[in-house]
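Quick notes on the structure that follows.
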2 protein chains.
Amino acid sequence: MSTIGEVAKLAGVSTTTVSRHLSGRQVREAAAVQASIEALDFRASHVARSLKSGVTRTIGLVIPDVSNPFFAAAAKGVESVSRQLDLNVFLSNTDESVERERSVLQGLIGRVDGVILVPAREESDNTVALRRAGVPIVLLDRRLRAVDDLDSVLVDSHGGAFMAAEHLLGLGHRRIGLISGPSETTPGRERYDGFVAALEAAGIDVDPALVQMGDFKVESGYQATLRLLGLPMPVTAIFSVNNLMTIGALRALHHVGVRVPDELSVIGFDDLELGELLSPPLSVIARPAVEQGVLAMRLLRNRIQGNWTEERQHIVLDTHLTARSSCAPPPNTRDRHAPANRVSAGAY
Amino acid sequence: MSTIGEVAKLAGVSTTTVSRHLSGRQVREAAAVQASIEALDFRASHVARSLKSGVTRTIGLVIPDVSNPFFAAAAKGVESVSRQLDLNVFLSNTDESVERERSVLQGLIGRVDGVILVPAREESDNTVALRRAGVPIVLLDRRLRAVDDLDSVLVDSHGGAFMAAEHLLGLGHRRIGLISGPSETTPGRERYDGFVAALEAAGIDVDPALVQMGDFKVESGYQATLRLLGLPMPVTAIFSVNNLMTIGALRALHHVGVRVPDELSVIGFDDLELGELLSPPLSVIARPAVEQGVLAMRLLRNRIQGNWTEERQHIVLDTHLTARSSCAPPPNTRDRHAPANRVSAGAY
DNA sequence: CGAGGGGGTGGTATCGATTTCAGTTATCGT
DNA sequence: ACGATAACTGAAATCGATACCACCCCCTCG
């Protein structure tokens, strides 16, 4: 790799002049400089430039898991904007782990101009070191409890969950199982709250036995579903608050042989690419995933460009109900007898 | 952010000593230096370090599309290894575009110690600049025609496609539609070849009308399927060579109302997270996606660590048939009449 | 004709860490 | 007790690009 000095020597000018030419200013020997640049196939060193300028033209994107379709979509949104801005993106998975998140965030200091973060837990603020270092941060999809002076792009999880519950209630369901996420995450908490609010609005008490906590991963949705099926008085519907757990739930129902929606209705939060093609097509609370990423990157760009004083922005996008056919009236409205308990108490 | 100089001053030693302490060497005032480091919350600047050492501790991962589950899985594999090695990962999508790939690769020069690349096209070698700059490259999932001195981690696409075709032939299918990928990509070409080889081994001529070219994206699978359904003499089975196009195919069949596998059998290359839960469960050629990423990262690490002379490695992983129930004997073995042509010629 | 200004120049310090080089101390064997 | 060796030390050069500074040239205007 050739340096600016070699270019300068070849063109017979100083490095200053080459640097000026590079930054687009008028230069007497522009032609000669350009020729030398091309002859040597010169490319300015990003590293040296960063050292001098303090700008890396790189951002960090810290998410729980790329293989979750929602985060993959959001990442794509982030990436599409960052490409236009000619920014590179560091991608890191935290696997929902607070420790991993801390070490990842630590490692980003001094390497990036900003960070888009999906925090693993609302309570655990791993951003202090980053913020002390003056790195702008935008929160994506999840909040941090201790912090409200960071931009964020969330969805109306409460409203979405409310809608989901309302949908099931409207069909006549009264015993609705909830596969919930960690209550220490924003979506976990808000979706739980929205669900409960809808039930209470309908005058229904929430039975704690019907709320099964998961960790946003497939396996936990599977296990939670088995627990719900094993209840002495089974549920007639299940609302799963995230896509991966919904997949787990569907798998469990499939393996146990519960027919959807005849015996049990299912609705999930977050659409699945194949949601429409499932048997039956899955009803979901959908949301603009790519757009969330796009907006987060736009907010981050504004901060990076130095609008520090500007009011913090908290964008909340709307969800919508995509009713397909995995939800139907509960079986006991057609058939007065509750279905047999398919899973024995010892099954898990 | 504090610098090594401030630490040195506080500890009453030279920057040299601090630097030595940092790199783990024995130092007289180790305790004082360490105390100063902690007091100032000092972290060595990666940028300055990179400038001096020429090492960035960063790699580039250039793939067509993160929202393709295969690439997401491979990315996760890459990321898991790179985390252990304490390397950062630049993620970039090329969207299957050669131009985008070129600009992305250009932008990586001087920023990374190595690159894992899924080339957009076999013919278009965008790696020359990178290689001239001495950046190690590992090819993932796809080859480059002009280049055989790069490590690669592929799957046995030919064998997988052969298996898929064999599976359908074994069930009695003779008119099999192929939704093929761009022939200028390794998977596109090899899967086509494997498919053709199986047909020829069975003594069947390949009817060009039954081969519909797609571009690895959902929409093209959808369109290709409509074309296959619109044929004067329709196919009894479809083999789709990639997951996204398979999704498109399934959507088309769903919209048109073709029953699988009663009227038409379907098999895809690459498993889908929900493959098992589709109606019917989808038969696929599966492969170890995460492992492909893991192996690619391991190969890259070896190159980065300077084993330049070492023989180039071309790893080819095996695929396997996951037979679920989207493939069955063709309808005409049960019912002598071919099914009615569901799509009119003008439908697309 | 001389002052002023626009447009351009190159030398040099700088960003923050590493590394070479030329020492300076301790430690040890004899 | 003296020379040799090992164990450390700090000043200064270095990585490659940028930015400040002083300066130069030439044109224009009063």
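Summary of the geometry: region B:221-292 and region B:119-193, compared by the centres of their Cα atoms, lie 20 Å apart. Comparing mean-square fluctuations of A:THR319, A:THR16, A:THR236 from a GNM of chain A with C-alpha springs under 10 Å, the top value falls on A:THR16. Label positions at B:SER124 and A:THR3, each projected 7 Å from the Cα along the C-beta direction, are separated by 3.6 nm. Please report the antiparallel percentage of DSSP beta bridges with both residues in region A:97-235, rounded to the nearest 5. Counting only bridges with both partners in region A:97-235, antiparallel ones make up about 10 percent. For the rotational copy pair A/B, the chain A residue whose Cβ lies nearest the symmetry axis, together with its distance in Å, is A:SER279, 1. Looking at region B:4-72, which GluC sites (Glu not before Pro) are in a loop (DSSP not H, G, I, E or B) and have at most 16 other Cβ atoms within 10 Å? Filter output for region B:4-72: B:GLU29. When the alpha carbon gyration tensor of region B:228-312 is reduced to an equivalent ellipsoid, its three semi-axes come out at 39, 14, 9 angstrom, largest first.
In chain A, the longest principal axis of the Cα atoms and the axis of helix A:186-201 are about 30 degrees apart.
Each residue of region A:72-86 is assigned a 3J(HN,Hα), and the resulting list reads 4, 5, 4, 4, 5, x, 4, 5, 5, 6, 5, 5, 4, 8, 6 Hz, derived from the Karplus form 6.51 cos²θ - 1.76 cosθ + 1.60 (θ = phi - 60°), x at Gly and Pro.
3J(HN,Hα) couplings calculated from phi for region B:18-33 with the Karplus curve 6.51 cos²θ - 1.76 cosθ + 1.60 (θ = phi - 60°) are, in sequence order, 4, 4, 5, 4, 4, 8, x, 7, 5, 9, 4, 8, 3, 4, 4, 4 Hz; Gly and Pro show x. How far, in degrees from 0 to 90, does helix B:289-304 lean away from the longest principal axis of the Cα atoms of chain B, to the nearest 10? In chain B, helix B:289-304 runs at an angle near 40 degrees to the longest axis. Compared with the dominant Cα axis of chain A, that is its longest principal axis, helix A:218-229 is turned about 10°. Here each label is just a point 7 Å from Cα along the line to Cβ, and for A:HIS255 and A:ARG20 those points are 7.2 nm apart. Distances between copies at B:GLY306, taken between label points 7 Å from Cα along the C-beta direction, are 4.3 nm in increasing order. In the calculated pair-distance distribution of chain A, the portion above 33 angstrom amounts to 41 percent of the Cα-Cα pairs. Bridge orientation summary for chain A: considering DSSP beta bridges with both residues in this region, about 10 percent are antiparallel. Residues B:MET245, B:MET213, A:MET233, A:MET163, arranged from fewest to most other Cβ atoms within 10 angstrom of their Cβ, appear as A:MET233, B:MET213, A:MET163, B:MET245.
FRET efficiency for the pair A:GLU29 and A:THR322, taken as 1/(1 + (r/R0)^6) with r the Cβ-Cβ distance and R0 = 41 Å, rounds to 0.05. Expressed to the nearest 5 percent, the antiparallel share of DSSP beta bridges inside the protein assembly as shown is 15 percent. Exposure proxy ranking for A:HIS173, B:HIS314, based on other Cβ atoms within 10 angstrom of each Cβ and starting from the fewest, stands as B:HIS314, A:HIS173.
The relative contact order of region B:23-161 comes to 20 percent, based on Cα pairs under 8 Å that sit 6 or more residues apart.
Across region A:128-273, Cα-Cα pairs farther apart than 21 Å form 44% of the total.
Which loop-located trypsin sites (Lys or Arg not before Pro) does region B:236-313 contain, where loop means any DSSP state but H, G, I, E or B and the Cβ has at most 13 other Cβ atoms within 10 Å? The qualifying sites are B:ARG259, B:ARG312. Find the centroid of the Cα atoms in region A:70-85 and in region B:67-90, then give the distance between the two in whole Å. Using only Cα atoms to place each centre, the spacing works out to 16 Å.
Sorted ascending by nearby beta carbons within 10 Å, beginning with the fewest, A:ILE176, A:ILE304 become A:ILE304, A:ILE176.
Look at the alpha carbon pairs under 8 Å that are at least 6 residues apart: their mean separation over the length of chain B gives a relative contact order of 17 percent.
Read-outs throughout are calculated quantities, based only on the coordinates presented, and are distinct from any laboratory measurement. Computed from a predicted model, the values in this text were never measured in an experiment. Glycine gets a Cβ as well: all are built from the backbone with ideal geometry, and neighbour counts include every protein chain shown.
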